[in-house]
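**Student:** Can you keep this structure in mind? I'll have questions shortly.
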Amino acid sequence: MGIAEYASHDGLGLAGLVAKGEVTATELVDEAISRIEKFNPALNAIVYKAYDEARAASKGPLPNGPFKGVPFLIKDLGSEVAGWPRTSGSRFVADTVDHTDSELVRRFRASGVVLVGKTNTPEYGITGTTESALLGPCRSPWNTNHIAGGSSGGAASAVAAGIVPLAHASDGLGSIRIPAACCGLVGLKVTRDRNPNGPGDFDRAIGFSVDHVVSRTVRDSAAMLDATGYPEPASPYAPPPKARPYMDEIARSPGRLRIAWSSETPSGRAIDPEVQAALERTVELLKGLGHELVPRGLGIDYRTLYRAQGCVSAANFAAAMGRRIAEKGREPEPHELEPLTWAALKSGRKLTGDQVMWGWQTLRLLNREILSTFEEFDIYLSPVMGTPPPEIGYVDPVNLEPKEVNRRQGIVFPFTPPFNFTGQPSMSLPLWQSAGGLPIGMMFTGRYADEATLFRLAAQLEKECPWKDRRPALWA
């Protein structure tokens, strides 16, 4: 099988070839490995290679899941793979080796995928760009001078370059949707706890972070969520069940949806004109498909929202670091954490209990305000980002002062976090490109637990505004 033929298929397409005997899982793994070796020196997307293990696993027997034989990558943050290192992008815990698979990894394996390696992530997934002192910057295959997004930048870069058709990703404040937007992919942040966290999920205590995949097609995202997103025993916040498989949903019409749309930013600052124009083109496209579009922002007190979230997130991070410190038996040395990470840790340690609970109470009240929008509308539309993907180094957590990093993040990534707070499903779709040839993603957010409507609309847009044949500079 040639490289071009391999890359022309999505995950379900490759699995179909395996099922028909036209190619073996081992041949697919070898093809993925050859692409890693060819493109990773320029991208720095894959940070751990498990070639021997992948080749051995590909010889079977493999589970008879929807992605049987398809090469797959795990993000180097959060999810454990037995015998593999897990650095979380941090020098402080870079020597961690996991002894068992996490529940999500077990479900990935049951879908039939073959794990080939791990992907790049920033330190503890904190930033919207994948640039760390330990792992180095991850680059976009569309233009290697530009970011791949974060914190699932390695996953998105690898999928966009055709190394694998889909890859594990996670999202705590936009970390699936931002890389998908930067790299021209489908990126769904699922409903809170739709995918399993496992019994040791202390780091997910505040409920902002979820796991899923980035993919080149809507159907791969739907099929993988069907394979992994079923109830987890003893989950304290189990989401409402789906009505039918998501693969069935993508074959159904979305009907006439009522869609609110806005480029409202927390700062009130206007977004980049190219992104604004792309949003307005999306509105016209949706009107042409028969949907009702109403200009309306969330209209919330963003300053209070982010002050409250800052208290909660900082306290959660400090508590999580406390567990890591207890496991290590020592505090981190000055060089073992980046400046932004040190700032988050110190901030969390200074907070009092009543400050953190004020944050929780305020988030609850403001989440109600956000969710009230969805009493009137089916979907909320905005851009994913406020600018096209910036160059490497513009949002640099290693060399910039923390306040400057956060100021720049506010300009580039103003839209995604509120829906982590509410727990709603939210999807990035690669509808447009900038004049410079960089992807511009649009974000569609649904009612709580309503991935179904998002999948139906995404499938409609994939047909009407296809992105399948767009190819980055690093491809084949």
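**Student:** Determine, yes or no, whether R106 is under 23 Å from E404 (Cα atoms) and of a type in the set (K, R). Spell out how you get there, then give the answer.
**Tutor:** Numbers: under 23 Å from E404 (Cα atoms): no; of a type in the set (K, R): yes.
So R106 fails the test.
**Student:** A further question on this structure: Name the single residue, out of those in region 449-476 being closer than 17 Å to R177 by Cβ and aromatic (F, W, Y), that is farthest from the chain's Cα centre (by Cα).
**Tutor:** Selected residue: W467.
**Student:** Of E5, E31, which residue is loosely packed, with under 15 Cβ neighbours inside 10 Å, under 25 Å from A222 (Cβ atoms) and either without any contact (Cβ under 8 Å) to a residue 12 or more places away in the chain or touching a Phe, Trp or Tyr at 6+ places or on another chain (Cβ under 8 Å) (or both)?
**Tutor:** Numbers: E31 fails: loosely packed, with under 15 Cβ neighbours inside 10 Å.
Just one listed residue meets the conditions, E5.
**Student:** Of all residues in region 314-355, count the ones that are assigned to a helix (DSSP H, G or I), β-branched (V, I, T) and over 24 Å from N399 (Cβ atoms).
**Tutor:** Here is the first cut: in region 314-355, the ones assigned to a helix (DSSP H, G or I) are 314-328, 334-336, 339-350, 353-355.
From what's left, β-branched (V, I, T): 325, 341.
If we keep only those that are over 24 Å from N399 (Cβ atoms) as well, we get 325.
Counting residues in region 314-355 that are assigned to a helix (DSSP H, G or I), β-branched (V, I, T) and over 24 Å from N399 (Cβ atoms) gives 1.
**Student:** Would you confirm whether any residue within region 360-383 is of a type in the set (S, T, Y), without any contact (Cβ under 8 Å) to a residue 12 or more places away in the chain and either part of a helix (DSSP H, G or I) or touching a Phe, Trp or Tyr at 6+ places or on another chain (Cβ under 6 Å) (or both)? Don't jump to the end; show me each part of the working.
**Tutor:** Here is the first cut: in region 360-383, the residues of a type in the set (S, T, Y) are 362, 372-373, 380, 382.
Subsequent filtering for residues that are without any contact (Cβ under 8 Å) to a residue 12 or more places away in the chain retains 372.
Now restrict to residues that are either part of a helix (DSSP H, G or I) or touching a Phe, Trp or Tyr at 6+ places or on another chain (Cβ under 6 Å) (or both): 372.
Yes, region 360-383 contains a residue that is of a type in the set (S, T, Y), without any contact (Cβ under 8 Å) to a residue 12 or more places away in the chain and either part of a helix (DSSP H, G or I) or touching a Phe, Trp or Tyr at 6+ places or on another chain (Cβ under 6 Å) (or both).
**Student:** Still on this structure: Exactly one condition in (1) free of Cβ contacts under 8 Å to residues at least 24 places away in the same chain; (2) hydrophobic (A, V, I, L, M, F, W, C); (3) buried (at least 17 other Cβ atoms within 10 Å of the Cβ) is false for F413; which is it?
**Tutor:** (1)
**Student:** Another question, then. Could you check region 28-56 and list, in sequence order, the residues that are farther than 17 Å from A161 by Cα, out of contact with any Gly (no Cβ under 9 Å at 6 or more places or on another chain) and of a type in the set (D, E, K, R)?
**Tutor:** D52, R55 - these are the residues of region 28-56 that are farther than 17 Å from A161 by Cα, out of contact with any Gly (no Cβ under 9 Å at 6 or more places or on another chain) and of a type in the set (D, E, K, R).
**Student:** A further question follows. List every residue pair whose Cβ atoms lie under 7 Å apart, where the two residues are 6 or more positions apart in sequence or sit on different chains, the first residue falls within region 38-67 and is free of Cβ contacts under 8 Å to residues at least 60 places away in the same chain, and the second residue, located anywhere, is surrounded by fewer than 21 Cβ atoms within 10 Å (Cβ to Cβ) and of a type in the set (S, T, N, Q).
**Tutor:** If the second residue must be surrounded by fewer than 21 Cβ atoms within 10 Å (Cβ to Cβ) and of a type in the set (S, T, N, Q), the pairs left are R55/T26; S58/T26; K59/T26.
**Student:** Have a look at Y246, Y237 and point out the one that is among the hydroxyl-bearing types (S, T, Y), on the phi < 0 side of the Ramachandran plot and out of contact with any Leu (no Cβ under 9 Å at 6 or more places or on another chain). Full working, then the answer.
**Tutor:** Values: Y246 fails: out of contact with any Leu (no Cβ under 9 Å at 6 or more places or on another chain).
Just a single option satisfies the conditions, and that option is Y237.
**Student:** Filter region 87-116 down to the residues that are touching an Asp or Glu at 6+ places or on another chain (Cβ under 8 Å), of a type in the set (K, R) and either closer than 17 Å to D226 by Cα or buried (at least 21 other Cβ atoms within 10 Å of the Cβ) (or both) and list them by number.
**Tutor:** R109
**Student:** Just checking, how many residues over region 88-103 are β-branched (V, I, T) and out of contact with any strand residue (DSSP E or B) (no Cβ under 7 Å at 6 or more places or on another chain)? Before the answer, list the steps.
**Tutor:** Here is the first cut: in region 88-103, the ones β-branched (V, I, T) are 93, 96-97, 100.
This time we only want the ones that are out of contact with any strand residue (DSSP E or B) (no Cβ under 7 Å at 6 or more places or on another chain), so: 93, 100.
So the count comes out to 2.
**Student:** Condition first: farther than 12 Å from Y306 by Cα and either among the charged types (D, E, K, R) or crowded, with 18+ Cβ neighbours inside 10 Å (or both). Now tell me which residues in region 352-366 satisfy that.
**Tutor:** Kept after step one, since they are farther than 12 Å from Y306 by Cα, are these residues of region 352-366: 352-358, 361, 364-365.
D354, V356, R364 - these are the residues of region 352-366 that are farther than 12 Å from Y306 by Cα and either among the charged types (D, E, K, R) or crowded, with 18+ Cβ neighbours inside 10 Å (or both).
We did not get these values from a lab; they are worked out from the coordinates using the rules stated. All figures in this text were calculated on a predicted structure; none of them were measured in a lab. Using ideal geometry, Cβ is built from the backbone for each residue, glycine included, and neighbour counts are taken over all protein chains shown.
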